[in-house]
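The next block holds one structure in the form of structure tokens; read it before the comments.
The values are calculated or read from the model by the stated rules, or taken from the named source; none is laboratory data. Keep in mind the model is a prediction, meaning the values are calculated, not measured. Glycine also receives a Cβ, built like all others from the backbone with ideal geometry; neighbour counts cover every protein chain displayed.
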Amino acid sequence: MQVDNGADAAQKLTAKGQATRERILEHAAALIYRKGVHATNNELVRRAAGVSGSQLSHYFPTKESLVLAVIDWQADSVLGFHRSERFASFDTVEAFQDWMDFFVLSGRPFEDGCSLGSLASEIVKTDLVVNDRLAEVFAQWREIFRVGLDRMRQLGRIDASADPARLADMFLAAYQGGMLLAQVARDIGPLQDALSAAVDHLRTFVTSDDQRMG
């Protein structure tokens, strides 16, 4: 992910300084989720994180720099999870099934929705110049799926007619839409249905050779 000068500077902080910056980001992200970007001001962040005004302005001189850092902070968690060995680079149908099972069967709370999706819904309402960064994060998330699906096609695990880019869009949209509906309904059902439909659609492209090997 391309980062700004603030993120570069964060890499040069002492351990104590890094911890302070992380604490500010954690509380800022929580405040933005609960209250929205507009209502999250310096005073709320300062009190929640237990820092002084000068400390806050030292790490994040503008609201835009804080919001950009929150985007990167959330992205590191979400993208890091999807890039972990848990899902084997998303190059098998089973990997996508395991991904679905994590959210549907593992008992992971869905009431708070997707951290990045919730952040995006808040940011698009503002005039902050951060939409490009947010779009880049979602593009990287989509690319994780696309690369895995493209590898599946190259290895002959799915038919050559499969479009990795469109399938990647489908999985990301199914997750975002399903998570939102599950959050509204306070029920896992919509998320389960959306992800199941996406995985089932992917299975329609599985080659007969791969089916026999499985």
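Under the condition of being under 20 Å from GLY36 (Cα atoms) and over 17 Å from the mean Cα position of the chain (by Cα), the residues counted in the stretch 58-86 number 7.
Just for the stretch 111-121: of the residues that are modelled with pLDDT of 75 or more and outside any helix (DSSP H, G or I), which one is farthest from the chain's Cα centre (by Cα)? Once the filter is applied, the top-ranked residue is GLY113.
Considering every residue within the stretch 92-100, establish whether at least one is part of a helix (DSSP H, G or I) and of a type in the set (Ser, Thr, Tyr). The answer is no, given that none of the residues of the stretch 92-100 is part of a helix (DSSP H, G or I) and of a type in the set (Ser, Thr, Tyr). For the stretch 167-210, taking the residues that are over 16 Å from ASP101 (Cα atoms) and assigned to a loop (DSSP other than H, G, I, E, B), the one that is nearest to the chain's Cα centre (by Cα) is identified as ARG186. Picking from residues in the stretch 31-77 that are within 22 Å of LEU134 (Cβ to Cβ) and of a type in the set (Ser, Thr, Tyr), the one that is modelled with the lowest pLDDT is TYR33. Evaluation of VAL129 against the conditions (1) in a helix (DSSP H, G or I); (2) β-branched (Val, Ile, Thr); (3) in contact (Cβ under 8 Å) with a residue 40 or more places away in the chain shows that the sole unmet condition is (1).
When the criteria are applied in full, ILE123 fails the requirement of being touching a His at 6+ places or on another chain (Cβ under 6 Å) and touching a residue at least 60 places away in the same chain (Cβ under 8 Å). Yes or no: the stretch 20-30 includes at least one residue that is part of a loop (DSSP other than H, G, I, E, B) and at pLDDT below 95. No, the stretch 20-30 contains no residue that is part of a loop (DSSP other than H, G, I, E, B) and at pLDDT below 95. Can you pull out the residues in the stretch 84-117 that are among the polar types (S, T, N, Q) and either under 14 Å from GLN192 (Cα atoms) or surrounded by fewer than 19 Cβ atoms within 10 Å (Cβ to Cβ) (or both)? Listed by number, the residues that qualify are SER84, SER89, GLN97, SER106, SER115. Looking across the stretch 60-84, the residues that are polar (S, T, N, Q) and outside any loop (DSSP other than H, G, I, E, B) come down to SER65, GLN74, SER77. Taken together, the criteria place SER89 among residues that are touching a residue at least 40 places away in the same chain (Cβ under 8 Å), at positive phi and of a type outside the set (D, E, K, R). From the list ARG86, ARG157, the one residue that fits, being modelled with pLDDT of 95 or more and in contact with a helix residue (DSSP H, G or I) (Cβ under 8 Å, 6 or more places away or on another chain), is ARG157. Annotation note: of ALA165, ALA197, ALA174, the sole residue that is touching a helix residue (DSSP H, G or I) at 6+ places or on another chain (Cβ under 6 Å), surrounded by fewer than 19 Cβ atoms within 10 Å (Cβ to Cβ) and either modelled with pLDDT of 95 or more or under 19 Å from PHE138 (Cβ atoms) (or both) is ALA165.
Inspection of the stretch 203-214 finds no residue satisfying the criterion of being in contact with a Phe, Trp or Tyr (Cβ under 8 Å, 6 or more places away or on another chain) and not basic (Lys, Arg). When LEU149 is tested against (1) over 27 Å from LEU66 (Cα atoms); (2) assigned to a loop (DSSP other than H, G, I, E, B), exactly one condition is not met: (2).
All conditions in (1) without any contact (Cβ under 8 Å) to a residue 24 or more places away in the chain; (2) surrounded by fewer than 16 Cβ atoms within 10 Å (Cβ to Cβ) hold for ARG146, with the sole exception of (2).
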